[in-house]
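Working notes for the structure below.
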Amino acid sequence: MTIIEEHAIQARITLSAVGWVISDAATMVGSVPGLYSIHAAQDGWAELGLDYRAGIPLYVGKSESNLAHRELGQHFAINPAVPSRTGGSTVRRSFAALLREPLGLRGVPRNKDNPERFANFGLEPDGDHLLTQWMHEHLTLAVWPMPNNVDIKQLGAVEIDVIKYWVPPLNIKDNPGRLRHLRVARAQLAADARAWASRGHPVL
């Protein structure tokens, strides 16, 4: 067994835990590199239009520098003084895509002053708020801090191993079982953003 395989097993054990609700995670997630997993109960999977898979996270990701900043700051927007920006987070874009109809979300250009790269769509502030609220109410976090004997390159290899083992439904890169449903849903919000750019106002 290689060192990557050994660490991947340990990471899966740690990341399979449901973890913390977002309000508690703010004091539990360290400012260190590592992997993280995002979980939801069965009703959360249902609202996302996904078949529930017990013990499997919705998403696995990594931070090469600061788990607290990447998870809680970028994805979960825990600081009310800092506006959430779905356009800067592929995790938020995936959740937004699957919740487009349940929450009434519509995509807009990430940068309205220079609308381009519509695949990196954003949301209007009200939509971002609704998405953040849903994520805080339905999702939990678990983290695996990077051990001292692992470097950044190895951390990436462990992440890929974990993704390939679990095939989390919201992972896109390195996922052998990428969801067509997710790809289509993200394309719809990208189309919303493109339509906004042509009209100068949101799609209704």
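The values are calculated or read from the model by the stated rules, or taken from the named source; none is laboratory data. Everything numeric here is computed off the predicted structure, so don't read it as measured data. Glycine gets a Cβ as well: all are built from the backbone with ideal geometry, and neighbour counts include every protein chain shown.
Data overview
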read-out: Within segment 79-92, tally of residues that are in a loop (DSSP other than H, G, I, E, B) and either farther than 17 Å from Leu170 by Cβ or at pLDDT 90 or above (or both); value: 7
read-out: Considering residues of segment 108-131 that are assigned to a helix (DSSP H, G or I) and of a type in the set (Gly, Ala, Ser) only, the residue farthest from Pro168 (Cα to Cα); value: Gly127
read-out: Some residue of segment 155-164 being among the acidic types (Asp, Glu), in contact with a Pro (Cβ under 8 Å, 6 or more places away or on another chain) and buried (at least 19 other Cβ atoms within 10 Å of the Cβ); value: no
read-out: Selection status of Ser63, closer than 23 Å to Leu155 by Cα and in contact with a Pro (Cβ under 6 Å, 6 or more places away or on another chain); value: yes
read-out: Sole residue being hydrophobic (A, V, I, L, M, F, W, C), surrounded by fewer than 22 Cβ atoms within 10 Å (Cβ to Cβ) and over 30 Å from Met1 (Cβ atoms), chosen from Ala190, Ala97; value: Ala190
read-out: Meets criteria (out of contact with any Asp or Glu (no Cβ under 6 Å at 6 or more places or on another chain), crowded, with 21+ Cβ neighbours inside 10 Å and acidic (Asp, Glu)) for Glu71; value: yes
read-out: Test: residue in segment 93-107 that is on the phi > 0 side of the Ramachandran plot, modelled with pLDDT of 95 or more, in a loop (DSSP other than H, G, I, E, B) and over 16 Å from the mean Cα position of the chain (by Cα); value: yes
read-out: Matching residues in segment 1-25 - criterion: being in contact with a Leu (Cβ under 6 Å, 6 or more places away or on another chain) and modelled with pLDDT under 95; value: Gly19, Trp20, Ala25
read-out: Among (1) under 23 Å from Glu101 (Cβ atoms); (2) assigned to a loop (DSSP other than H, G, I, E, B); (3) not β-branched (Val, Ile, Thr), the one test that Gly44 misses; value: (2)
read-out: Of all residues making up segment 168-184, the number that are assigned to a loop (DSSP other than H, G, I, E, B) and either over 14 Å from the mean Cα position of the chain (by Cα) or surrounded by 15 or more Cβ atoms within 10 Å (Cβ to Cβ) (or both); value: 11
read-out: Single match in Gly73, Gly30, Gly55, Gly49 (criterion: assigned to a loop (DSSP other than H, G, I, E, B), without any contact (Cβ under 8 Å) to a residue 60 or more places away in the chain and not basic (Lys, Arg)); value: Gly55
read-out: Any hit, segment 117-134, residues being among the hydrophobic types (A, V, I, L, M, F, W, C) and under 14 Å from His39 (Cα atoms); value: yes
read-out: Single residue of Leu48, Leu35, Leu105 found to be in contact with a strand residue (DSSP E or B) (Cβ under 7 Å, 6 or more places away or on another chain) and closer than 19 Å to Leu182 by Cβ; value: Leu105
